[in-house]
Amino acid sequence: MEYCYSDNGEAYHGACKAIAEALDEALGEFGDAEVIQVGEVVNPTIGDILNDHHVENLLDGLQETAGGEYGEFTEGWLDPPRIRPRDVKGGETRDAYDDRVTEWRKKRSERLASLSEDIAAALEKWATEEGEQPGFFGVKNSKDYTRDEAEALIAEAASATKEL
């Protein structure tokens, strides 16, 4: 795990092996800061960024392109079934209709999840081979350290290192 640091909780820097190392770098860089934030570095891949919305947009784009190329015969090719209140079947209660819609959404979500996995795998392969994986990082589990807390942790880590 790597750690990064900030003096404003927004712009994080560094990729340190330990919290004490991140605090030490932060105090060196932000000498007058009274509070330093240290968080865990999250390095996303292109596949991590892909979501169902992207997959649905891809399918919509394919449908649109097919329509432009092949005309009216493509209508409905990739369209999800339209479920509207007027689709309530004779004698069906509103609860039964709602259950049917929920089941349809669940099945569609499962189908898209499978497609998303396949697309993510292809994107991962491509981005790795082409050097197009993200160069940015995110932050999770950020914690505030006062100057006194930071200095104490740095001293404690230095002491532990000397003992080894």
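The values are calculated or read from the model by the stated rules, or taken from the named source; none is laboratory data. These numbers were taken from a predicted model, which means no experiment stands behind them. Using ideal geometry, Cβ is built from the backbone for each residue, glycine included, and neighbour counts are taken over all protein chains shown.
For residues in the range 8-25 being within 26 Å of the chain's Cα centre (by Cα) and part of a helix (DSSP H, G or I), which is surrounded by the most Cβ atoms within 10 Å (Cβ to Cβ)? Taking the candidates together, the pick is Ala22.
Is it fair to say Ala120 is under 30 Å from Cys16 (Cα atoms), assigned to a helix (DSSP H, G or I) and modelled with pLDDT of 95 or more? Against the criterion (under 30 Å from Cys16 (Cα atoms), assigned to a helix (DSSP H, G or I) and modelled with pLDDT of 95 or more), Ala120 qualifies.
Can you work out which of the residues in the range 120-164 that are of a type in the set (Val, Ile, Thr) and surrounded by 15 or more Cβ atoms within 10 Å (Cβ to Cβ) is nearest to Ser6 (Cα to Cα)? In this case the residue turns out to be Val139. Whenever a residue of the range 12-34 is on the phi > 0 side of the Ramachandran plot, its partners that are surrounded by 16 or more Cβ atoms within 10 Å (Cβ to Cβ) and part of a helix (DSSP H, G or I), lying with C-beta atoms within less than 6 angstrom and at least six residues away or across chains, give the pairs Gly14/Ala22; Gly14/Glu25.
Considering only residues of the range 31-56 that are assigned to a helix (DSSP H, G or I) and of a type in the set (Val, Ile, Thr), which is surrounded by the fewest Cβ atoms within 10 Å (Cβ to Cβ)? Ranking the qualifying residues of the range 31-56, first place goes to Ile49. Confirm whether Gly28 is assigned by TED's automatic domain parsing to the domain that holds Tyr145, outside any helix (DSSP H, G or I) and under 30 Å from Glu149 (Cβ atoms). Against the criterion (assigned by TED's automatic domain parsing to the domain that holds Tyr145, outside any helix (DSSP H, G or I) and under 30 Å from Glu149 (Cβ atoms)), Gly28 does not qualify.
Under 30 Å from Asp24 (Cα atoms) and without any contact (Cβ under 8 Å) to a residue 24 or more places away in the chain - does that describe any residue in the range 67-85? Scanning the range 67-85 turns up no residue that is under 30 Å from Asp24 (Cα atoms) and without any contact (Cβ under 8 Å) to a residue 24 or more places away in the chain. Regarding the range 104-111, can at least one residue be identified that is within 28 Å of Asn43 (Cα to Cα), surrounded by 13 or more Cβ atoms within 10 Å (Cβ to Cβ) and touching a residue at least 40 places away in the same chain (Cβ under 8 Å)? No, the range 104-111 contains no residue that is within 28 Å of Asn43 (Cα to Cα), surrounded by 13 or more Cβ atoms within 10 Å (Cβ to Cβ) and touching a residue at least 40 places away in the same chain (Cβ under 8 Å).
Out of Glu149, Glu130, Glu124, one residue alone is without any contact (Cβ under 8 Å) to a residue 60 or more places away in the chain and closer than 30 Å to Val55 by Cα. It is Glu130.
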